[in-house]
Amino acid sequence: MAGVTVFTAGATDGGCAPGAFRADGVICEAGAMNSIQVADATFIAASGAQVGAVVADRSNWRRWWPDLQLEVVEDRAEKGVRWTVSGPLTGTMEIWLDPMLDGVLLHYFLHAEPTGVTGRQLARMNLPKLVHGRRVAGKRMAFEVKARVERSRPVGVAPAAVN
């Protein structure tokens with residue numbers, strides 16, 4: 001994951017809570033992997049500014065993730081958004097827009113745990129099904145963003161020629 005530093009919480013963590021972002025943008029993790037790990041990438045033939053505007057529009061978030069409460073940790077405009085997640089999941093989520101060729105690669109990350117469950121309850125959950133549902137939600141979001149910003153671009157025409 002280029003461009004993202006992971007800080008493993010420990011004796012010198014300076015109060016870095018697992019799943020949170022430090023002030024310098026470093027992700028704090030507890031060393032163990034979260035139960036829900038989603039990482040996806042979708043190429044979008046549009047500028048980071050165009051894609052970033054759609055991603056930053058809060059009215060879309062409720063449609064994309066209806067059960068999650070999102071708090072913006074960092075709005076990076078044409079580079080994406082980082083959130084903390086609460087509700088049925090507790091963790092972090094990010095959309096990172098990586099300039100590539102004549103567009104951007106939209107990276108979607110979700111690192112979370114089911115909220116309020118014991119270890120025993122977690123062991124009995126169908127985590128693959130839960131992760132699959134979150135992957136599908138992320139891909140639907142990415143394809144919606146792609147369809148919206150590429151709508152006016154004829155196939156085979158560079159995005160710069162349309163703008």
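Here are the numbers:
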read-out: Residues in segment 123-156 reached by a label modelled at Asp57 [backbone nitrogen below 16 Å; 7 Å Cα→Cβ]; value: 141-153
read-out: Distance in nm between pseudo-label sites at Phe43 and Glu113 (7 Å out along the Cβ direction from Cα); value: 3.9
read-out: Residue order, fewest to most surrounding Cβ atoms within 10 angstrom, among Met33, Met141, Met125; value: Met33, Met125, Met141
read-out: Spin-label pair Ser86/Glu144, simplified geometry with 7 Å Cα→Cβ offset, distance in nm; value: 2.3
read-out: Gain on full stretching of the segment that runs from Gln69 to Leu122 - 0.36 nm per residue minus C-alpha separation; value: 17.0 nm
read-out: Inter-label distance for Ala158 and Leu130, nm, one decimal - labels placed 7 Å from Cα along Cα-to-Cβ; value: 4.7
read-out: Total charge dipole magnitude, segment 36-86, about the Cα centre, Cβ charges on Lys, Arg, Asp, Glu only, Debye to nearest 20; value: 60
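All of the numbers you see were taken from the coordinates with simple rules; none came from a lab. Fair warning: this is a prediction, and the values are worked out from it, not measured in the lab. Ideal geometry is used to build each Cβ from the backbone, glycine not excepted, and the neighbour counts take in all protein chains shown.
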